[in-house]
Amino acid sequence: MSFTYRMGVLHADDVALPAIAEAVGTPFYCYSATLIAHRYRAFAQALADLSPTICFALKANGNQAVVRTLADLGAGADVVSEGELFRAIAAGVPPSRIVFSGVGKTKAEIRTALEHGIWQLNAESLPELDALSEVATALGRTAQIVLRVNPDVDAKTHAKISTGKKENKFGIDWDHVRDAYARAAALPGVEPLGLAVHIGSQLNDLAPFRAAFTKLAEMVAALRADGHTVSRLDLGGGLGVSYRGDAPPDLAGYARIVRETVGGLGCHLAFEPGRWMVADAGVLVARTTYVKDGTTRRFLILDAAMNDLIRPALYEAWHEIRPVREPAADATIAPVDVVGPVCETGDTFAVGRPMPPVEAGDLVAFMNAGAYGAVMASTYNARPLLAEVMVRAERFAVVRPRQTIAEMIAADRLPPWIEAPAAPGAD
Ligand code: LLP
């Protein structure tokens, strides 16, 4: 689709990746606006009969060009910090389509969100309910909230990205939900409109969604029986993508589960997809610095490292690594360890990965890197934040220039008790 070999070279839409490497250097992220739009439309279409609010989870990719591409198609935003709130607003997402989630919203963040009149705040605990009430009352406003509940459902995904079990920090304990809702209904300054649930990320098995949404529907019935109004359900994100060529989760199947479990409750539905919208629409392109043969292993040492793409180090995540120059059909496939230059053994992208021959100077592309890639990058080992590029059809544009070393250093300040170093050349 958007990332294919043409005439022996990997392209993003109609642009050859080596042409971008020539222009911006390596490593860089490259996003396809075409594929992002395609994904958004597919999601919106699959759920169209439910007229939902689709809030792109900015944590997956907060680049202004990406968020703006989605906002132009009608997407809202799911944000988890004041920074993401401002990123969403700056990219043109109307506050009337912004949801603020997260377990630790500070009073300052709550105030900012209320001042901007966002659509919904998701409360995740009793102390947070009190904070919401206090801040909203002081502002003379009513916060439209939903309670994020923890349904104690196993998402069957990586432990570090599971959020819906009772031992996870997220959401209000299932057994406390009715009391919390009653409390919210009684508090000044807040108006509880419904419930939110997000059980984890990268779900490829749809069964946990069914389990969670079924429990949610039961809770809606219980709350209504308690005499409350429940008019809104936020079903979170979590829909997985295919990193290893396995069958991707079925969007139509997901939509069917939604319809069957909560579709008939008369609630307005919201969704917070992140990864599904953008993961497949991005690649990380790196250049091979050396091919090093050890006694037992061959290492491809790239100019990208764990600071640029941390998913393999943090979650043992698997990303397909493709040579940008198409390998010959009869190329010998041999195992290599693909690593970066950072001084940590954990700076390893793949171990024993069967790969066609790659030589020093060759470009490789990490596939499905559009979500949780650039947003999780750091400057560890004093490696400047990398460049981000967007393509659409035959055009490409830098959507974040590579940070310069000078910019990186200039972010630091000396305390007043240290004399600034003499300017070079000064006596
Ligand atoms: N809503 C809430 C409340 C969330 O916590 C998340 C993700 C999402 C929506 C979006 O989920 P998605 O549709 O992207 O699965 N850095 C990890 C993923 C962390 C996900 C955190 N929460 C990774 O690289 O796999």
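The values are calculated or read from the model by the stated rules, or taken from the named source; none is laboratory data. As the structure is a computational prediction, the values presented were derived from the model and not from experiment. A quick note on method: Cβ atoms are made from the backbone with ideal geometry, for glycine too, and the neighbour counts reach across all protein chains shown. Heavy atoms of the whole protein, side chains included, go into the accessibility calculation; ligands, DNA and RNA do not. Shrake-Rupley method; radii C 1.70, N 1.55, O 1.52, S 1.80 Å.
The residue list LEU187, LEU233, LEU206, LEU195 contains one member that is of a type in the set (A, V, I, L, M, F, W, C), open to solvent by 10 Å² or more (accessible area, probe 1.4 Å) and either at positive phi or within 14 Å of the ligand (Cβ to nearest atom) (or both), which is LEU206. The residues on offer are ASP308, ASP330, ASP347, and the sole one that is charged (D, E, K, R) and within 16 Å of the ligand (Cβ to nearest atom) is ASP308.
Taking the criterion of being hydroxyl-bearing (Ser, Thr, Tyr) and either in a helix (DSSP H, G or I) or open to solvent by less than 20 Å² (accessible area, probe 1.4 Å) (or both), the only residue of region 209-230 that qualifies is THR214.
Report, by residue number, each residue of region 304-352 that is assigned to a loop (DSSP other than H, G, I, E, B), β-branched (Val, Ile, Thr) and free of Cβ contacts under 8 Å to residues at least 60 places away in the same chain. Those that are assigned to a loop (DSSP other than H, G, I, E, B), β-branched (Val, Ile, Thr) and free of Cβ contacts under 8 Å to residues at least 60 places away in the same chain: THR332, ILE333, VAL342, THR345. State which residue is most open to solvent (accessible area, probe 1.4 Å) when the search covers only region 394-427 and only residues that are touching a Leu at 6+ places or on another chain (Cβ under 7 Å) and either closer than 26 Å to TYR31 by Cα or modelled with pLDDT of 95 or more (or both). So, considering only residues that are touching a Leu at 6+ places or on another chain (Cβ under 7 Å) and either closer than 26 Å to TYR31 by Cα or modelled with pLDDT of 95 or more (or both), the one most open to solvent (accessible area, probe 1.4 Å) is ARG402.
Filtering region 92-141 to residues that are closer than 30 Å to ASP72 by Cβ and of a type in the set (Lys, Arg) leaves ARG97, LYS105, ARG111, ARG141. Restricting attention to region 353-393, the residues that are more than 16 Å from the ligand (Cβ to nearest atom), open to solvent by less than 40 Å² (accessible area, probe 1.4 Å) and assigned to a strand (DSSP E or B) add up to 10.
Filtering region 154-164 to residues that are in a loop (DSSP other than H, G, I, E, B) and open to solvent by 10 Å² or more (accessible area, probe 1.4 Å) leaves ASP154, LYS156, THR157, HIS158, THR163. In the set GLU320, GLU316, which member is surrounded by fewer than 24 Cβ atoms within 10 Å (Cβ to Cβ), over 22 Å from LYS59 (Cβ atoms) and within 16 Å of the ligand (Cβ to nearest atom)? Among GLU320, GLU316, only GLU320 is surrounded by fewer than 24 Cβ atoms within 10 Å (Cβ to Cβ), over 22 Å from LYS59 (Cβ atoms) and within 16 Å of the ligand (Cβ to nearest atom). Total residues in region 249-294 satisfying the condition of being surrounded by fewer than 16 Cβ atoms within 10 Å (Cβ to Cβ), in the same structural domain as PHE213 (by TED's automatic domain parsing), of a type in the set (Gly, Ala, Ser) and in a loop (DSSP other than H, G, I, E, B): the figure is 2. Those helices (runs of 4 or more DSSP H) of region 7-114 in which at least 3 residues are open to solvent by less than 20 Å² (accessible area, probe 1.4 Å) and closer than 30 Å to ALA143 by Cβ, considering only elements entirely within it, cover 64-72. Kindly evaluate ASP246 against the criterion of being touching a residue at least 12 places away in the same chain (Cβ under 8 Å), of a type in the set (Asp, Glu), more than 14 Å from the ligand (Cβ to nearest atom) and surrounded by fewer than 14 Cβ atoms within 10 Å (Cβ to Cβ). Yes; evaluated as a whole, the condition is true for this residue. Scan region 22-57 for residues that are closer than 12 Å to GLU388 by Cα and of a type in the set (Ser, Thr, Tyr) and jot them down. THR26, TYR29, TYR31, SER32 - these are the residues of region 22-57 that are closer than 12 Å to GLU388 by Cα and of a type in the set (Ser, Thr, Tyr). In this structure, is GLY227 assigned by TED's automatic domain parsing to the domain that holds LEU132 and at positive phi? So GLY227 passes the test.
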